[in-house]
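Worksheet: one structure, shown below.
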Amino acid sequence: MTIEECIKKIRPLDGDAVRAAQERQDGLLKPRGSLGELEGLSVRIAGITGQIRNTLSKKIHLLFGSDHGICDEGVSGSPQYFTRVLMELYAGPAGNLPEGQCGINVLCRRAGADLRLYDLGVKGLTPRPGIDSRHRLMPEGTANFAKTRAMPPETARAAVELGVHLVEEVKGEGYQIIGAGEVGMGNTAPAAACIMAALDRPDPGLVGRGGGLTDTAFANKKRVIVEALRLHHPAPDDPLEILSCVGGLDIAAMTGVYLGAAVCRLPVILDGAISAAAALLASRLAPGAKDFMIASHRSAEPAYAAAAEAMGLVPLLTLRMRLGEGTGCPLAMQLVDDALAVMNEMGSFSEVSLESGYRGELKA
């Protein structure tokens, strides 16, 4: 499915289901609004599925690996080969992903979410069980966007459309909720650049330290990103141009995941800054895609807050996390389970014949 076809297929939330779900929430045995965001989650998911009561038991997390040429500018505190090593560790022994020992493996196990790995362009990564290497769009990763475009425009488009396709694929397998994450040393640099470009705010204050940098390296990272934006000057209203100029393959694929989730009417969980960059670009392509996004946690990266505010997304958790990998997604999936359990299992005033007329004048 092309991006243009995808955009045309996105429809708003089911208004009747939203109203019915809100009515049930308001009648449950609690003061209105007392469960905060848990209430809003269950109502929004009703709008996504068209059903008041939902169980999203089949979960999947898609993790995209890609390297970034901007690492040549010293913007990462970790060696670039860590991308390859981590992908191999995620895959576990003999491709047995549930036995992987990294953060995303552990948290997906806890949440009951399946994990899939995609190599979009990781340097030195050879084919191995557990890693899908069919979509190596740029085998050596993106180019150094401080000097040239990160990727050709047609590659940016292909990566976005790949993300859409993968969501269609997992929807066909019966998955009901999706998370998306990434690994790629230095990828907070393209994420910040994409957010700054989309917001038309070339502000060095939106650049964060990523996995950790010395003060000197941090100042260099800010300079590199601001100068790269000045070099390319991508149009704020052209997400594909932004991706081509200063993006990453992981960001582009996740942009497609967020569009695909809206087309397939699946709730999709956002992680941190890299996810937020992709989500912001997806929302610029199709504003209605925001309705299907759930922000898991508040990233420590300053560009995250700017992107989330621009989209009107409120993260569920504040845990000072900055690992990446999509680690916020399985945590949020468990909160979604709790929100749906309240909607499905909690009794209502009418069901227990408890007086509720007094509630009419109360304010949440």
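Remarks
- Annotation: of all residues in segment 119-166 being of a type in the set (D, E, K, R) and in a strand (DSSP E or B), the one that is surrounded by the most Cβ atoms within 10 Å (Cβ to Cβ) is 119.
- Residue in segment 353-362 that is in a helix (DSSP H, G or I) and at pLDDT 95 or above present: no
- All of 163, 172 fail the test of being free of Cβ contacts under 8 Å to residues at least 24 places away in the same chain and assigned by TED's automatic domain parsing to the domain that holds residue 269, apart from 172.
- In segment 197-207, the residues that are out of contact with any Lys or Arg (no Cβ under 7 Å at 6 or more places or on another chain) and either without any contact (Cβ under 8 Å) to a residue 24 or more places away in the chain or under 14 Å from residue 74 (Cα atoms) (or both): 203
- Each residue in segment 279-335 was checked for being in a helix (DSSP H, G or I) and closer than 15 Å to residue 45 by Cα, and 9 of them qualify.
- Residue count for segment 255-307, restricted to those that are in contact with a Gly (Cβ under 7 Å, 6 or more places away or on another chain) and on the phi > 0 side of the Ramachandran plot: 0
- Qualifying position, being polar (S, T, N, Q) and free of Cβ contacts under 8 Å to residues at least 24 places away in the same chain, among 188, 216: 216
- For beta carbons closer than 8 Å, sequence separation of 6+ or different chains, a first residue in segment 255-275 that is farther than 15 Å from residue 64 by Cβ and a second that is of a type in the set (Lys, Arg) and assigned to a helix (DSSP H, G or I), the qualifying pairs are 263/9; 264/171; 266/171; 267/44.
- Matching residues in segment 167-193 - criterion: being part of a helix (DSSP H, G or I) and under 14 Å from the mean Cα position of the chain (by Cα): 167, 188, 191
- Highlighted here are the helices (runs of 4 or more DSSP H) found entirely within segment 1-116 that include at least 2 residues which are basic (Lys, Arg): 3-9, 15-27, 103-111.
- Selection within segment 10-47 - at pLDDT 95 or above, more than 16 Å from residue 344 (Cα to Cα) and either surrounded by 15 or more Cβ atoms within 10 Å (Cβ to Cβ) or touching a Lys or Arg at 6+ places or on another chain (Cβ under 7 Å) (or both): 10, 13, 14
- Contacts under 8 angstrom Cβ, first residue in segment 28-41 being of a type in the set (S, T, N, Q), partner surrounded by fewer than 16 Cβ atoms within 10 Å (Cβ to Cβ), 6 or more apart: 34/364
- Scanning segment 292-305 for residues that are surrounded by fewer than 22 Cβ atoms within 10 Å (Cβ to Cβ) and more than 13 Å from the chain's Cα centre (by Cα) turns up 300, 302, 305.
The values are calculated or read from the model by the stated rules, or taken from the named source; none is laboratory data. Since this is a predicted model, take the numbers as computed values, not measurements. Heads up, the Cβs are rebuilt from the backbone with ideal geometry, glycines too, and the neighbour counts pull from every protein chain shown.
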